[in-house]
Amino acid sequence: MATKICNARIVNEGKIEEADLLIEGKIISRIGKDLSALPATKTIDAQGLFLLPGLIDDQVHFREPGLTHKADIFTESRAAVAGGITSFMEMPNTVPNALTQELLEDKYQLAAKKSLANYSFFMGISNDNIQEVLKTNPKEVCGLKIFMGSSTGNMLVDNETTLRNVFQHAEMLVATHCEDEQTIRDNMQQFREKYGEDVPMEIHPLIRSAEACYKSSSLAVSLAKEYNTKLHILHISTGKETNLFDNSKPLSEKRITAEACIHHLWFDDSYYAEKGSLIKWNPAVKTKDDRDTILKALLDDKIDVIATDHAPHTLEEKQQTYFKAPSGGPLVQHSLVALLEMYHQGKISLEKIVEKACHNPAILFQIERRGFIREGYYADLVLVDLNNAWKVEKSNILAKCGWSPFEGQTFKSKVMHTLVSGHLAYTDGKLNDSEKGMRLHFDR
């Protein structure tokens, strides 16, 4: 099978250039100015469209196994592909938690049968599974995940000996959720005394506070520096935390890196009045100043990648009172179009979006032959129309939970085609599940 893409404006490696592209099987075989004479089984005329590498989302929760009433690998990978995300890395706080090599491998077997996108799964760390963790194969698994703050699930690691063991002995990337548990508990008690069970949603960033985030993130950074650990701090939500990171080295040489999520770049605490629990995430969406400082750190290369932390719950679960409503929401279908909206607003360039959402995850995780539009690389590609407005409505939401924090939002840009390893998996509203995604491999 050969697919030809003609007349595309390719956004790749800091440049935008018009070119054609030939895909043979799963691989990009030719990139050139005029490949129209070359034979192909299928031709896509990309006149007026921009061609990006498929996005690589380094943090999702697809809820399988054990929580499939909220989401599953099949439904959420389809939503991801419709949003231009061609590869994902999924978190271990499913049920049971992925805390053994066997349970971790079970998830890979599920994805091989169900996932439309390429996939990898983090190995989970608990207070008592360090020997299992150290068996993880760095060429086959994206990284290790540690919750320094319990978030959703029962994977809180609060034992200092365990933390030191992990940071000292881990030979592969350690990704952390950083919120200080004791600070959060103290804040909860304070507001529970004031409001009882009826804590307003806008109090969320005061309970899961900037102080809680910084205390935990700074501890992680200090441990990583002490043991020279490869540390990746997920979902930075405060301006203060951005001071923990630097831009003095190229990403490939950094030992300490950071991620920003689309919700912390888009929303701020003024949205709680309208959106309520639909924007309740851990860590919390905080102030406008926090949001703007995170964006600046992203543009300055202190923050390295953009992800979603896609973490669906049912609408019924989200509509409960503050302490009962779980944190998290669906984002994979709308993260790219939200970033493109920020481009239209003059906040970020197309080249920087591609750098942070496509190139840098590939560099940071050392993913083999993905994340760039290059000859010899897998054909993970997304074609977008920057001037094709559409509105997010229940009828076009693909996440299993059936809602989105972006509901009612009109986006100027639209994903037109997504190719996963050469397979045309999505075309303007239609998904093709006839081929499944591939397991990611890592050049380590």
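The values are calculated or read from the model by the stated rules, or taken from the named source; none is laboratory data. Just so you know, these numbers come straight off a predicted model, no measurement behind them. Here the Cβ is made from the backbone with ideal geometry for all residues, glycine too, and neighbour counts use every protein chain on show. Side chains included, ligands, DNA and RNA excluded: accessible areas come from the protein's heavy atoms. Shrake-Rupley method; radii C 1.70, N 1.55, O 1.52, S 1.80 Å.
Just checking, how many residues over region 81-121 are among the hydrophobic types (A, V, I, L, M, F, W, C) and in contact with an Asp or Glu (Cβ under 7 Å, 6 or more places away or on another chain)? Counting residues in region 81-121 that are among the hydrophobic types (A, V, I, L, M, F, W, C) and in contact with an Asp or Glu (Cβ under 7 Å, 6 or more places away or on another chain) gives 7.
The set of residues from region 28-48 being surrounded by 11 or more Cβ atoms within 10 Å (Cβ to Cβ) and among the basic types (Lys, Arg) comprises Arg30, Lys42. Please state which one of Ala399, Ala425 is modelled with pLDDT of 95 or more, of a type in the set (Gly, Ala, Ser) and closer than 16 Å to Ile56 by Cα. Answer to the check: Ala425. Selection within region 53-77: residues that are assigned to a helix (DSSP H, G or I) and either among the small types (Gly, Ala, Ser) or buried (at least 24 other Cβ atoms within 10 Å of the Cβ) (or both). The member of this set that is farthest from the chain's Cα centre (by Cα) is Ile73. Taking the conditions (1) under 24 Å from Leu51 (Cα atoms); (2) buried (at least 22 other Cβ atoms within 10 Å of the Cβ) in turn, Leu299 satisfies each one other than (2). Kindly list the number of the only condition in (1) open to solvent by 10 Å² or more (accessible area, probe 1.4 Å); (2) free of Cβ contacts under 8 Å to residues at least 40 places away in the same chain; (3) not in a loop (DSSP other than H, G, I, E, B) that fails for Asp20. Only one criterion is unmet by Asp20, namely (1). It is to be established whether one or more residues within region 208-222 are of a type in the set (D, E, K, R), within 30 Å of Glu160 (Cβ to Cβ) and touching a residue at least 40 places away in the same chain (Cβ under 8 Å). Checked region 208-222: at least one residue is of a type in the set (D, E, K, R), within 30 Å of Glu160 (Cβ to Cβ) and touching a residue at least 40 places away in the same chain (Cβ under 8 Å).
For the condition in a loop (DSSP other than H, G, I, E, B), of a type outside the set (Phe, Trp, Tyr), over 26 Å from His204 (Cβ atoms) and touching a helix residue (DSSP H, G or I) at 6+ places or on another chain (Cβ under 8 Å), Ile353 does not qualify.
Any residue in region 230-237 that is under 18 Å from Lys302 (Cα atoms) and out of contact with any Asp or Glu (no Cβ under 9 Å at 6 or more places or on another chain)? Yes; the residues of region 230-237 include at least one that is under 18 Å from Lys302 (Cα atoms) and out of contact with any Asp or Glu (no Cβ under 9 Å at 6 or more places or on another chain). Would you pick out the residues in region 370-395 that are over 21 Å from Phe50 (Cα atoms) and either hydroxyl-bearing (Ser, Thr, Tyr) or open to solvent by 50 Å² or more (accessible area, probe 1.4 Å) (or both)? Answer for region 370-395, where residues must be over 21 Å from Phe50 (Cα atoms) and either hydroxyl-bearing (Ser, Thr, Tyr) or open to solvent by 50 Å² or more (accessible area, probe 1.4 Å) (or both): Glu393, Lys394, Ser395. Leu116 fulfils the conditions (1) of a type in the set (A, V, I, L, M, F, W, C); (2) assigned to a helix (DSSP H, G or I); (3) in contact (Cβ under 8 Å) with a residue 60 or more places away in the chain except for a single criterion, (2). Residues that are open to solvent by 10 Å² or more (accessible area, probe 1.4 Å), of a type in the set (Lys, Arg) and closer than 21 Å to Gln366 by Cβ: does region 227-240 have at least one? Yes; the residues of region 227-240 include at least one that is open to solvent by 10 Å² or more (accessible area, probe 1.4 Å), of a type in the set (Lys, Arg) and closer than 21 Å to Gln366 by Cβ.
Within region 188-200, is there a residue that is within 24 Å of Arg444 (Cβ to Cβ) and of a type in the set (D, E, K, R)? No, region 188-200 contains no residue that is within 24 Å of Arg444 (Cβ to Cβ) and of a type in the set (D, E, K, R). Tell me whether region 264-272 contains one or more residues that are over 21 Å from the mean Cα position of the chain (by Cα) and either free of Cβ contacts under 8 Å to residues at least 60 places away in the same chain or assigned to a loop (DSSP other than H, G, I, E, B) (or both). Checking region 264-272: at least one residue is over 21 Å from the mean Cα position of the chain (by Cα) and either free of Cβ contacts under 8 Å to residues at least 60 places away in the same chain or assigned to a loop (DSSP other than H, G, I, E, B) (or both).
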